[in-house]
Amino acid sequence: MSEPTSAPTPVHAFGDRAWDQFLELDPLWATVQGDERWDDRLDDPGPAGRAALAALCEAWEAEMDGFAGLELSVEDRISLGLIRFAVERFRGGLELRLWELEAVDQYGGPQGLMGDLARIQRADTPERLERLLARIEAYPEWMAAHRANLAAGVASGRTAAAAVVERCLAQTRRMVEAPAEESPVVLANQSLAPERRARLVAAVEAHVQPALRAWLEALEQYRPHARAGDGICHLADGEAIYRHAVLTWTTIEEEPQAIHDYGLQRLAQIEARARDIVVELGFEDVTALRRHLETAPENHVTEPAQLVPLAVELVERAEAAAPRWFGRLPADSCEVLPVEPHMEQEAPPAFYMPPTGDGSRRGMYFINTYDPASRHLHRLAATTFHEAVPGHHFQLAINQELADLPAFRRFGARLAAGSFIEGWALYTEQLADEMGLYRTPYERFGALETEAWRAARLVVDTGIHVLGWTRQQSIDLLVSRAGLSQLEAETETDRYISWPGQALSYMIGQREILALRARLEARDGDRFDHQAFHDQVIGHGSLALSVLREQLPDWVAPAD
């Protein structure tokens, strides 16, 4: 990790304090960063925890008001803007009582905590094991608070959609049926000495399994109360919730109908480019090419274990080409791992987790190997470049290495800059073509399909949550126009239902980065510097899109 080159400003010091204060309220996030100070605790999902978050927002706002009228650097203004946005996001969630809905989640729901701990928390010393055991012992009370939130949602008539409830039920049922020895947190610590491993198994049996059984019972009681429609628009305050979600995930205010229309426009443009590849490959139309790819043996593997080595080769291919396009590279590569069995049936095709701030854990690119016959290899390249190199891994790992930025900017930017993060990753799928990373027309077609998928997300997310689309309408569009398999379309649609607005972040963020690049290319002509552009886009941490629009042109100078 690099060291700061100058003494911190008062705003920088405030940003560091604010991040520490937030981590104390959300100790799991601290563990994700490799910060072990609160590894024996869980957050408080109940009333006291919400009151503490509200008080923290008030304290942050009061301190930020104290900087009014001062001459601040650009970086300090960006830091304050991101923290103010986080305050707006937190307050909006509290005012809208999103805690009544958030626990029913097949990706981040409380039933998955042991899997999370398996990925992020070490138990390789006696002290670390004690902290992990303390966290496991706190699990029943933590789950009880989540059950109370479920009951509050039922009482207020604000509940999750049936498809999401079913996913959570299936996932929790598998966990309940598995013996304690097969809990992810036990499997991740097989190297422990026998007596220590026995303590871990006993803790899972005593605390985790009963809490999971109680959660399963609560979900079964919740099931009849699932909301009537798939979208958030079927709740009385659904419009307000969705507008908050749009702002949360894109960092800009935009009319949902305008987003829907933009998605349709981009989808049509991408389909036109795809038809050129269809002609190049000699197929009659896109449907014929997709039919070929659906059954072609060379486009599939038969065993789950075959997917990870293919993804590793793609990461290495991108790393070899990167120095010609980037002046700054991450200090370390990322690890490629399969999605764990306990969540693979509900998980997306791939996702990324950043490294720890202290370098003790590398960035992790997870590839879903469940039902390998349904995983089309022609899209694996674009997926890998998005999730790993030069996508999420480059941006988020470099973000953490920017020692002159406050900790909030280095480690907490996802709180306030989700669309920048996802927009960058989608931008790199297109950049990969310029870098010569796609080796065949089939891989280039796969890249267009993944881009069409992100355009389709704009259409189906607004369709479901604003226009009242059904789950099946979304699945049908994703299969017919984005080329997803039936399994992928079902999994993805249920993700959009569970996380209103998150699916918007990708193409809205890409739109802003591409618009800025076009503006600078027009300004600089042949003197446009790819390395300088990319280094500056990701060289100031994750940004709100409004800040990117305002500041980036001043950061990128034309080549000499």
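The values are calculated or read from the model by the stated rules, or taken from the named source; none is laboratory data. The shown structure was predicted, so the numbers you read here are calculated from the model rather than taken from an experiment. Please note: Cβ atoms are built from the backbone with ideal geometry, for glycine as well, and neighbour counts cover all protein chains shown.
Filtering segment 405-426 to residues that are assigned to a helix (DSSP H, G or I) and small (Gly, Ala, Ser) leaves ALA407, ALA413, GLY418, SER419, GLY423, ALA425. Evaluated against (1) of a type in the set (Gly, Ala, Ser); (2) outside any loop (DSSP other than H, G, I, E, B); (3) more than 21 Å from LEU478 (Cβ to Cβ), GLY263 falls short on exactly one condition, (3). Taking the criterion of being touching a Leu at 6+ places or on another chain (Cβ under 9 Å), in a loop (DSSP other than H, G, I, E, B) and either among the acidic types (Asp, Glu) or free of Cβ contacts under 8 Å to residues at least 12 places away in the same chain (or both), would at least one residue in segment 312-332 satisfy it? Scanning segment 312-332 turns up no residue that is touching a Leu at 6+ places or on another chain (Cβ under 9 Å), in a loop (DSSP other than H, G, I, E, B) and either among the acidic types (Asp, Glu) or free of Cβ contacts under 8 Å to residues at least 12 places away in the same chain (or both).
Taking ARG196, is it farther than 22 Å from GLY112 by Cβ and of a type in the set (D, E, K, R)? Yes: the conditions hold for ARG196.
For segment 348-360, which positions are assigned to a loop (DSSP other than H, G, I, E, B) and crowded, with 19+ Cβ neighbours inside 10 Å? Within segment 348-360, PRO349, PRO354, PRO355, THR356 qualify.
Here ASP105 meets each of (1) farther than 30 Å from ALA218 by Cβ; (2) under 21 Å from the mean Cα position of the chain (by Cα); (3) buried (at least 19 other Cβ atoms within 10 Å of the Cβ) with one exception, condition (1). Do we find that GLU71 is surrounded by 17 or more Cβ atoms within 10 Å (Cβ to Cβ), out of contact with any strand residue (DSSP E or B) (no Cβ under 8 Å at 6 or more places or on another chain), modelled with pLDDT under 95 and more than 26 Å from ALA151 (Cα to Cα) in this structure? No: the conditions fail for GLU71.
Of the set (1) more than 18 Å from TRP499 (Cα to Cα); (2) surrounded by fewer than 22 Cβ atoms within 10 Å (Cβ to Cβ); (3) not small (Gly, Ala, Ser), all apply to HIS234 but (1).
Exactly one residue among ARG122, ARG91 is part of a helix (DSSP H, G or I), of a type outside the set (Asp, Glu) and farther than 30 Å from GLN472 by Cβ, and that residue is ARG91. Applying the condition of being among the aliphatic types (A, V, I, L, M) and at pLDDT 95 or above to segment 54-68 and asking which residue is farthest from LEU150 (Cα to Cα) yields MET64.
Considering the conditions (1) out of contact with any Ser or Thr (no Cβ under 7 Å at 6 or more places or on another chain); (2) not in a loop (DSSP other than H, G, I, E, B), ARG158 is excluded by exactly one of them, (2).
Residue by residue, here is whether (1) assigned to a helix (DSSP H, G or I); (2) crowded, with 18+ Cβ neighbours inside 10 Å; (3) touching a strand residue (DSSP E or B) at 6+ places or on another chain (Cβ under 6 Å) holds:
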position	(1), (2), (3)
LEU150	yes, yes, no
VAL154	yes, no, no
LEU169	yes, yes, no
THR172	yes, yes, no
ASN189	no, yes, no
ALA198	yes, no, no
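Can you confirm whether ASP476 is out of contact with any helix residue (DSSP H, G or I) (no Cβ under 6 Å at 6 or more places or on another chain), among the acidic types (Asp, Glu) and over 26 Å from ARG375 (Cα atoms)? So ASP476 fails the test. Could we say that LEU552 is assigned to a helix (DSSP H, G or I), in contact (Cβ under 8 Å) with a residue 12 or more places away in the chain and buried (at least 22 other Cβ atoms within 10 Å of the Cβ) here? No; evaluated as a whole, the condition is false for this residue.
Could you check segment 140-193 and list, in sequence order, the residues that are within 25 Å of ALA118 (Cα to Cα) and in contact with a His (Cβ under 7 Å, 6 or more places away or on another chain)? Within segment 140-193, PRO140, ARG174, MET175, PRO184 qualify. Out of everything in segment 243-284 that is more than 22 Å from LEU426 (Cβ to Cβ) and touching a helix residue (DSSP H, G or I) at 6+ places or on another chain (Cβ under 6 Å), what residue ends up being surrounded by the most Cβ atoms within 10 Å (Cβ to Cβ)? The residue in question is HIS244. Can you find a residue that is buried (at least 21 other Cβ atoms within 10 Å of the Cβ), on the phi < 0 side of the Ramachandran plot and over 18 Å from the mean Cα position of the chain (by Cα) anywhere in segment 501-509? No, every residue in segment 501-509 fails to be buried (at least 21 other Cβ atoms within 10 Å of the Cβ), on the phi < 0 side of the Ramachandran plot and over 18 Å from the mean Cα position of the chain (by Cα).
Select from segment 169-195 the residues that are within 20 Å of HIS207 (Cβ to Cβ), of a type in the set (A, V, I, L, M, F, W, C) and within 23 Å of the chain's Cα centre (by Cα) and list them in ascending order. Matches in segment 169-195: VAL185, ALA188. Within segment 128-148, the set of residues being surrounded by fewer than 19 Cβ atoms within 10 Å (Cβ to Cβ), part of a helix (DSSP H, G or I) and among the small types (Gly, Ala, Ser) comprises ALA134, ALA144, ALA148. Just one of the listed residues (PHE85, PHE14) is part of a helix (DSSP H, G or I), among the aromatic types (Phe, Trp, Tyr) and within 30 Å of ARG158 (Cα to Cα), and it is PHE85. The set of residues from segment 515-535 being farther than 13 Å from PHE420 by Cβ, within 27 Å of the chain's Cα centre (by Cα), surrounded by 14 or more Cβ atoms within 10 Å (Cβ to Cβ) and of a type outside the set (Phe, Trp, Tyr) comprises ARG517, HIS530, GLN531, ALA532, HIS534, ASP535.
Among the residues of segment 409-435, write down those that are buried (at least 23 other Cβ atoms within 10 Å of the Cβ) and among the polar types (S, T, N, Q). Within segment 409-435, SER419, THR428 qualify.
For the residues ARG97, ARG84, ARG37, the requirement of being of a type outside the set (Ser, Thr, Tyr), modelled with pLDDT of 95 or more and within 28 Å of ALA240 (Cβ to Cβ) singles out ARG97.
Per-residue answers, yes or no, for (1) surrounded by fewer than 24 Cβ atoms within 10 Å (Cβ to Cβ); (2) in contact (Cβ under 8 Å) with a residue 60 or more places away in the chain; (3) at positive phi:
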{"position": "LEU437", "(1), (2), (3)": "no, yes, no"}
{"position": "PHE445", "(1), (2), (3)": "no, yes, no"}
{"position": "TRP453", "(1), (2), (3)": "no, no, no"}
{"position": "ILE475", "(1), (2), (3)": "yes, no, no"}
{"position": "LEU487", "(1), (2), (3)": "yes, yes, no"}
